[in-house]
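Beneath this line is the structure, given in structure tokens, with notes to follow.
The values are calculated or read from the model by the stated rules, or taken from the named source; none is laboratory data. Keep in mind that this is a model prediction, so the values were computed, not measured. Cβ: placed from backbone, ideal geometry, glycine included. Neighbour counts: every protein chain shown.
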């Protein structure tokens, strides 16, 4: 399965997309097969040169993908794949004017991998103690849909990207980060995995932005205080300003 973005070119050169579409269209006793197929299509869909949407449409794969959005086992991966396959103009229309109105943007949206749940949970606690409203995927019992996370990005005063190797490997994480970039949201990188250096698509999203190293538990409270001071300058505003006015890692 194309669960690693590094394998996408090799797999797409074959009839991989068409074979995945066949898996989507069959009634399986093992739903995980379809969930994995949805995840593979989601990863492939990040590369526009692979023409995944057109290839799926040609073999009825898109209709099968839509049907799988209603099933608990496949909902998250299926909706994520469909979201990524939508034209950029359609994505920009989601949420309407109210969702993009600057006056209501007061919350911070935290985009993270659950592999660093402990660090992220502590950062969220400190931000909330500092008076911030913080939203994100913090409930392990609920799988958020692409529309839910997109709405969180659109309504956020700033999007905090928790950089790690696991974050870079996550299709959902990539979707959130790239959508934040597309929306011209204020993006603030947090280093949540000691020694990690972003590259590839994540390095491109982070660019030259200053980042905050929250990996050291002893320094974390002070770093979050610096972050909070910088964020107050962008509260209620939309993009156009970098979120790294505080101390970098």
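Quick notes on this one:
- Test: residue 73 is modelled with pLDDT under 80, in contact with a helix residue (DSSP H, G or I) (Cβ under 7 Å, 6 or more places away or on another chain), farther than 23 Å from residue 168 by Cα and not in a helix (DSSP H, G or I): yes
- Looking across the range 91-128, the residues that are within 19 Å of the chain's Cα centre (by Cα), modelled with pLDDT under 75 and in a helix (DSSP H, G or I) come down to 91, 92, 93, 99, 100.
- For first residues located in the range 204-231 and more than 12 Å from residue 163 (Cβ to Cβ), partners that are at pLDDT below 90 and exposed (fewer than 15 other Cβ atoms within 10 Å of the Cβ) and lie 6+ apart or on another chain with Cβ distances below 6 Å form the pairs 210/248.
- Taken residue by residue, the range 46-54 has at least one member that is touching a residue at least 60 places away in the same chain (Cβ under 8 Å) and either under 20 Å from residue 170 (Cα atoms) or part of a loop (DSSP other than H, G, I, E, B) (or both).
- Scanning the range 111-137 for residues being loosely packed, with under 13 Cβ neighbours inside 10 Å and touching a helix residue (DSSP H, G or I) at 6+ places or on another chain (Cβ under 7 Å) gives a total of 0.
- Candidate set from the range 202-234 (those that are loosely packed, with under 15 Cβ neighbours inside 10 Å and either under 30 Å from residue 47 (Cα atoms) or in contact with a strand residue (DSSP E or B) (Cβ under 6 Å, 6 or more places away or on another chain) (or both)); member that is modelled with the highest pLDDT: 203
- Residue 186 vs. criteria under 17 Å from residue 112 (Cα atoms), out of contact with any helix residue (DSSP H, G or I) (no Cβ under 6 Å at 6 or more places or on another chain), surrounded by 15 or more Cβ atoms within 10 Å (Cβ to Cβ) and at pLDDT below 95: yes
- Scanning the range 7-27 for residues being touching a helix residue (DSSP H, G or I) at 6+ places or on another chain (Cβ under 6 Å) and at pLDDT below 80 gives a total of 2.
- Restricting the range 155-171 to residues that are out of contact with any strand residue (DSSP E or B) (no Cβ under 9 Å at 6 or more places or on another chain) and touching a residue at least 40 places away in the same chain (Cβ under 8 Å), the residue that is surrounded by the most Cβ atoms within 10 Å (Cβ to Cβ) is 171.
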